[in-house]
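Shown next, in structure tokens, is the structure this report addresses.
Values in this text are rule-based calculations from the coordinates and carry no lab data. This is a predicted model, so every value here is computed, not measured. Note that we place each Cβ from the backbone using ideal geometry, even for glycine, and neighbour counts take in every protein chain shown.
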Amino acid sequence: MIINEDFLNRLRRSFGLNLYEVKLWAAILSRGVSTAGELSDIADVPRSRTYDVLESLERKGFVIVKPEKPIKYMAIPPPEVLDRVHGKIRAELINNSERIIKLKDSEMMAELGNLHKQGIEPMQVTDFSGALKGRHNIYDQISYILKEARSSVDLVTSEEGLSRKIRMLKPLIERAVSRGVKIRVVAPSSNVELTEIMNSFGELVEFRNDTTLRGRFCIVDKIHVVFMLTDDEEVHPSYDMGFWVKSPYFAGTLNKMFDKTWGPELSPDAE
């Protein structure tokens, strides 16, 4: 059986199968009904592994076992397989979500909270910092400190970064505004729609279009800083690098630099 390797890899990613599983599934689909020995030869899968893999495919809802001698395996139509896989993923998602929700008020969380509080006291300043690899990890950390924001958020980003942040952080920005947090954003933007969205947040969110400043960082409450080490126009999202630090000294210094960029007429300390 000759099947394009790229096609097999796409099947693996889409259905969450390993290489042997996807090879045997493709073999069953091409035959309709077949024995384990025949499928092993067609799919080029070792016979010692074939039965285990076919059992796995049966549990996952990809094949049906026919109780004959010799045992035969029957293909399930792909649309039905898709429905089954979707149903299982949805059920697992619901179960996992319910389990996490139950943990929120559990004794385990209380114990973890106590453990964390007890462990904070001996920590050094250097313990409140960390490298962030990958844009998803960077945004997770920005989201975390935005949730904790109490007074101010100062943000410098690129035009593409502004678009991403509006898309990914809009609910958090709205909640921060509802808590009375003042937010200032500096970014180059030729997109009228993005500018209108920024202005729609209300008086507590101020936006300045600046094409001269190149950089990406976020200061929250003059305590937390997340700053990026790479240019988002030149790096793949998976290799984007950032750094988080909790340091009132560093955050305060960076905030003063931000104020100078922002200008005295819009500085929160201006008369």
Item checked: Phi-based couplings in Hz for segment 133-144 (Karplus 6.51, -1.76, 1.60; Gly and Pro marked x) -> 10, x, 5, 5, 5, 4, 5, 4, 6, 4, 4, 4
Check: Counting only DSSP beta bridges with both residues in segment 125-262, what percent are antiparallel, rounded to the nearest 5?
Finding: 65
Check: Which value in nm describes the separation of the simple spin-label points at Glu174 and Lys104, placed 7 Å from the Cα toward the beta carbon?
Finding: 1.8
Notebook entry, point to check: Around Tyr249, with a cut-off of 12 angstrom between Cβ atoms, what is the net charge of the other residues, counting Lys and Arg +1 and Asp and Glu -1?
Noted result: +3
Margin query: So, R0 is 22 Å and r is the distance between the beta-carbons of Glu80 and Ser30; what FRET efficiency does that work out to, to 0.05?
Written below: 0.80
Check: For His236, what is the net charge nearby, where nearby means another residue's Cβ is under 15 Å from its Cβ and Lys, Arg count +1, Asp, Glu -1?
Finding: -3
Checklist line | Computed [θ] at 222 nm, deg cm²/dmol, the chain (DSSP H ≥ 4; -39,500 (n - 2.57); rounded to nearest 500) | finding: -17000 deg cm²/dmol
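Return Ser247, Ser129 ranked ascending by Cβ neighbour count within 10 Å, so the fewest neighbours appear first.
Fewest-to-most ranking of Ser247, Ser129: Ser129, Ser247.
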Next item on the list: Please find, in a Gaussian network model of the chain (springs between Cα atoms separated by less than 10 Å), the residue of Ile94, Ile223, Ile145 whose mean-square fluctuation is greatest.
Entry: Ile94
Check: For the chain, with the dipole built from +1 on Lys and Arg beta-carbon atoms and -1 on Asp and Glu ones, taken about the Cα centre, which of Pro46, Ser97, Gly161 lies farthest toward the positive end?
Finding: Pro46
Next item on the list: For segment 174-225 and segment 143-171, write down the distance between their C-alpha centroids in whole Å.
Entry: 7
Checklist line | Per-residue HN-Hα couplings for segment 15-24 [Karplus 6.51, -1.76, 1.60; θ = phi - 60°; Hz; x = Gly/Pro] | finding: 10, x, 9, 8, 4, 5, 4, 5, 5, 5
Check: When every alpha-carbon pair in segment 1-151 is counted, what percent end up more than 22 Å apart?
Finding: 61
Check: Considering only the chain, what is the antiparallel percent among its DSSP beta bridges, to the nearest 5?
Finding: 70
Margin query: Can you list residues from other chains, or at least 5 along the same chain, whose modelled amide H is less than 5 Å from the amide H of Ser152?
Written below: Lys182, Asp221
